[in-house]
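Heads up, the thing below is written out as structure tokens.
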Amino acid sequence: MTFSIVARDPNQRALGVAVQSKFVSVGSVVPFVSADAGAVATQSFANVEYGPEGLELLRRGYDAQAVVDTLTNGDPEAASRQVGIVGRDGSIAAHTGAECFDVAGDLQGETYTVQGNILENEATLSAMADAYEATEGGLPERLLAALHAGNEAGGDSRGEQSAALYVAKPEGGYDGGNDRWIDVRVDDHESPIAELERVFKLYDVTLLEREPPAETRELSGPTAEAVTETLATLDFYEGASSETFGEAEREALEAFRGMNNFENHSLSVLEDALVRGWDDAEGTGESRLVDAVWHGLSRLDRR
């Protein structure tokens with residue numbers, strides 16, 4: 001009841017898993033990732049021992065295919081298992097047992113593997129692969145694009161329930177204290193992939209850092225007025241809104257920045273992001289502001 005993608009971004013030294021399933025809290029079962037080893041997705045009567053054992057084998061120098069062979073050869077129920085692995089060394093392998101419920105299969109590319117079981121159709125896997133290869137941006141955007149494409153092509157034949165995105169890279173965690181760069185999940189939702197993307201965007205603008213822009217723009221005109229009206233609606237600003245964004249308006253934006261823990265971005269960078277991202281943003285109120293910031297920052301590389 002699950003489809004997933006396991007992938008590697010050699011430029012960022014990042015490895016990740018994105019997964020959706022008609023299963024509660026799929027993020028607690030399927031993805032296992034470590035920057036010093038690789039990434040593993042274990043599903044279809046998942047054997048969760050495949051995660052830590054697979055990562056340890058990768059650390060010991062086994063390539064992905066050797067890890068898959070070792071795990072499945074020692075498992076009497078391997079015929080009902082499914083696993084995808086990408087090693088830090090770039091090796092890729094997958095296993096779809098002969099007893100996995102149809103439609104089940106896996107597909108590999110240069111830096112990724114996609115796999116699924118109890119799918120609506122085989123097109124789910126090819127759509128995921130195509131979307132991952134065609135999407136521009138960083139690893140998380142490409143992983144999310146693959147989930148959306150797989151779901152739109154057919155997805156899980158039993159429907160949707162939960163989704164997760166887990167990406168590791170060296171010193172990628174909070175304040176550089178571990179490798180947990182991105183760890184977001186939706187445990188039970190009618191549209192889990194869309195909700196996962198919403199949560200990721202909030203996570204991105206709050207916890208992840210971007211390279212500084214070469215120049216910043218200031219809010220003005222209709223965009224300045226719309227941002228000020230939104231800040232007023234959220235009780236960060238008092239007074240009439242106008243097409244001028246001055247000291248009082250920036251104090252309101254600074255209060256919004258502090259309340260939402262956006263310390264990774266200076267006030268000038270946040271204002272610049274709103275200038276560039278407002279027209280592409282969706283939603284209303286705080287969600288519109290956050291989405292605008294995310295769109296405005298998206299042109300900058302993540303650190």
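Brief remarks on what is shown
- Each peptide in 104-117, 256-269, 56-69 gets a packing score, the mean of other Cβ atoms within 10 Å over its residues, and the list from highest to lowest is 104-117, 56-69, 256-269.
- Cα principal axis extents for the range 207-303, largest first, Å: 38, 26, 25
- For the range 88-163, accessible area per residue (1.4 Å probe, heavy atoms of protein chains only), Å²: 43
- Local electrostatic count, residue 50, Cβ distance below 10 Å [Lys/Arg +1, Asp/Glu -1]: -2
- Expected 222 nm ellipticity per residue - DSSP helices of 4 or more, -39500 (n - 2.57), all of the chain, to 500: -11500 deg cm²/dmol
- Placing +1 on the Cβ of every Lys and Arg and -1 on the Cβ of every Asp and Glu, with no other charges, gives the range 192-303 a dipole of roughly 400 debye about its Cα centre.
- Carbon and sulfur %, accessible surface of the chain computed with the full protein complex present, 1.4 Å: 43
- The magnitude of the dipole of the chain, with charges of +1 and -1 set on the Cβ of Lys/Arg and Asp/Glu and taken from the Cα centre, is near 800 debye.
- Taking 0.36 nm per residue of separation and subtracting the Cα-Cα distance, full extension of the segment from residue 49 to residue 206 would add 53.2 nm.
- Within the chain, the whole DSSP H helices whose Cα atoms reach 20 Å or more along their own axis and whose mean Kyte-Doolittle score is at least -0.5 are 139-153, 192-207.
- Residue 287 versus residue 136: modelled label distance in nm, points set 7 Å from Cα along the beta carbon direction: 2.8
- Looking at the range 184-239, the trypsin sites (Lys or Arg not before Pro) that sit in a DSSP loop and have at most 16 other Cβ atoms within 10 Å of their own Cβ are 217.
The values are calculated or read from the model by the stated rules, or taken from the named source; none is laboratory data. Note that this is a predicted model, so its numbers are computed, not measured. All Cβ positions, glycine included, derive from the backbone under ideal geometry; neighbour counts span all protein chains shown. Surface accessibility is based on the protein's heavy atoms, side chains included, excluding ligands, DNA and RNA. Shrake-Rupley method; radii C 1.70, N 1.55, O 1.52, S 1.80 Å.
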